[in-house]
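Read-outs: derived from the displayed coordinates by stated rules, not from any lab. Quick caveat, the model's predicted, so the values are computed rather than measured. All Cβ positions, glycine included, derive from the backbone under ideal geometry; neighbour counts span all protein chains shown.
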Amino acid sequence: MFLTTVDSLIPTVLSLLFYILFGFFVVLTLLKKFSLSSLLKSLAILFIILSLFQPWWIFFGSSAIPPAERTTTIYVNPGVMIKTIKYYGDTTFEIAELPDIIIMFLGAIVPLIILTFLILVFAIILRRTNKKQYALLLSIVGVVLLCILLSSFYFVTTKLTEISIGAVQGEAALTFAFESEEVIMQSSWGFSTGFYFIIIAVIVAIIALLIDIRIKVMQKKKLLSSKN
């Protein structure tokens, strides 16, 4: 893995594709070629994809005198913790050492996200066929997997930060050693964009699931009333 100060174009390109695809799905929905439920599931899928290219947790500390900054970010793709240190104008990068169990967990996130992505895609496809009951089941499984992913990352990150800065989210003046100098830095830390994208995906997927359940209940009521 290479660390560089050059910003990656991938998040920008993905964001552009995100807007284009979502706009396309909205047009299909307005033309009644796509259901509202499928539109919301597509939105959840797009947020899931974007989360892979964003940090999930971040620490930032800075000091004016001496001029210093320290940033620590956790990514899931690949599963690493990267430290960026700026001290008197010099910038250094470092891949932080993590316990093996944390590395294994981070390595399992991407396959789980891909599995959830595929499940939601199949849920959309099956909803357009005569196998809508399977689509509903897959939607439930997708939501459950996303909730497991969120709760697991929260738990693991909490345990990791408890032994270093004491809490998974917070603000404080912390002291760090820079070469032979100790620097007090105003610091803040907590969950970042990728984690919140998954939260949004969960909320959107749950709304889509509730719409599917409501439609199914209404269809059953209509069927029962027609028999009576």
Dmax and Rg, reported as Rg then Dmax, of segment 133-194 (C-alpha, Å) | 18.6, 65
Taking Cα pairs under 8 Å and at least six residues apart, what relative contact order does the chain come out at, in percent?
-> 25 percent
Going 7 Å from the Cα of GLN169 toward and past its Cβ, which residues in segment 40-65 have a backbone nitrogen under 17 Å from where you end up?
-> 55-60
Square roots of five times the C-alpha gyration tensor eigenvalues of the chain, ordered largest first and given in whole Å, equal 44, 18, 14
Extension gain, SER152 back to LEU21 (0.36 nm per residue minus Cα-Cα distance, nm) | 44.2 nm
Nearest-ten-degree value, helix 36-51 long axis tilted from longest Cα axis of the chain | 20 degrees
Could you state the angle between the C-alpha long axis of helix 100-127 and the longest principal axis of the C-alpha atoms of the chain, as a value from 0 to 90 degrees rounded to the nearest 10?
-> 20 degrees
Degrees, to the nearest 10: 10-30 long Cα axis against longest axis of the chain = 20 degrees
Order of 142-148, 81-87 by packing, highest average Cβ count within 10 Å first?
-> 142-148, 81-87
Quick one: Cα convex hull volume of segment 37-117, Å³ per residue?
-> 104 Å³
Amide H partners (placed H, <5 Å) of PHE178, local residues excluded | VAL183
Convex hull volume of the Cα atoms in segment 40-87, per residue, in Å³?
-> 72 Å³
Using the alpha-carbon centroid of each, what span in Å lies between segment 95-131 and segment 159-178?
-> 29 Å
